[in-house]
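Structure first, then comments.
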Amino acid sequence: MYNENELLTKIAAGDEAAFKQLFEQHRKKLYHYLITITKSREVAEEIVIDVFLKLWTGRELITNIQHMDAFLYKVAYNKAMDFFKLAARNARLQKLVQEQMEAHQEQSADYSLLNNECREILNNAYKQLSPQRRLMITLSREKGMTHEEIATELNLSRNTVKNTITDSLKIIKQYLLNNHITHFVYLLLLSDLFLD
């Protein structure tokens with residue numbers, strides 16, 4: 001296991017094993033995020049593959065990415081919007097999207113209840129943070145801002161922002177673990193709820 005900087009450096013040099021590690025670290029979160037946008041498992045799976053394909057083909061620049069999650073979510077969102085634009089011009093694709101959305105709505109009552117419970121748990125975890133930490137987490141996870149952008153906006157050093165966000169995520173994780181929230185639910189909360 002490499003740390004993120006080592007991982008990105010190895011990927012930039014063409015190391016496929018390092019790229020596979022990055023893929024495994026991020027694919028599930030990205031998939032769940034895309035499900036919330038597209039309401040289609042098939043479309044979400046395709047976009048995840050597209051996002052990572054784009055990342056691999058442009059790997060020489062990967063070390064310039066400061067916040068991998070925000071970068072991946074932004075690329076995924078743009079690809080989802082491209083899909084919807086294409087669907088708007090294609091009747092057969094429109095029908096497929098409509099069918100997927102209807103199928104998704106049948107499950108939405110149960111999902112909505114679970115989603116509300118998860119949000120309440122996460123909000124309680126947020127309350128463990130100081131206002132400054134909550135603000136940084138919000139800017140990072142909900143607004144998709146990089147550490148550099150947050151540092152500029154809050155007039156702090158990039159390292160202060162990075163360390164604060166890392167510590168804040170540890171506090172949230174510890175709260176969830178103390179309240180018997182499993183690691184799987186923790187990942188779901190951080191990937192799905194931070195990004196609505």
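The values are calculated or read from the model by the stated rules, or taken from the named source; none is laboratory data. Remember, it's a predicted structure, so these values are computed and weren't measured experimentally. Neighbour counts are summed over all protein chains in view; Cβ atoms, including those assigned to glycine, are modelled from backbone coordinates with ideal geometry. SASA here: full protein model, heavy atoms, side chains in, ligands and nucleic acids out. Shrake-Rupley method; radii C 1.70, N 1.55, O 1.52, S 1.80 Å.
Assorted remarks:
- Qualifying residue in the range 92-105 (condition: out of contact with any Phe, Trp or Tyr (no Cβ under 9 Å at 6 or more places or on another chain), charged (D, E, K, R) and either open to solvent by less than 80 Å² (accessible area, probe 1.4 Å) or at pLDDT 90 or above (or both)): no
- In the range 141-154, residue nearest to the chain's Cα centre (by Cα) [restricted to those that are open to solvent by 40 Å² or more (accessible area, probe 1.4 Å) and farther than 16 Å from P131 by Cα]: K143
- Residue list for the range 161-172, filter: open to solvent by less than 70 Å² (accessible area, probe 1.4 Å) and over 21 Å from N64 (Cβ atoms): T164, D167, S168, L169, I171, I172
- Per-region count, the range 127-140, residues open to solvent by less than 60 Å² (accessible area, probe 1.4 Å) and either of a type in the set (K, R) or free of Cβ contacts under 8 Å to residues at least 60 places away in the same chain (or both): 6
- Yes/no for N123 being modelled with pLDDT of 90 or more and open to solvent by 60 Å² or more (accessible area, probe 1.4 Å): no
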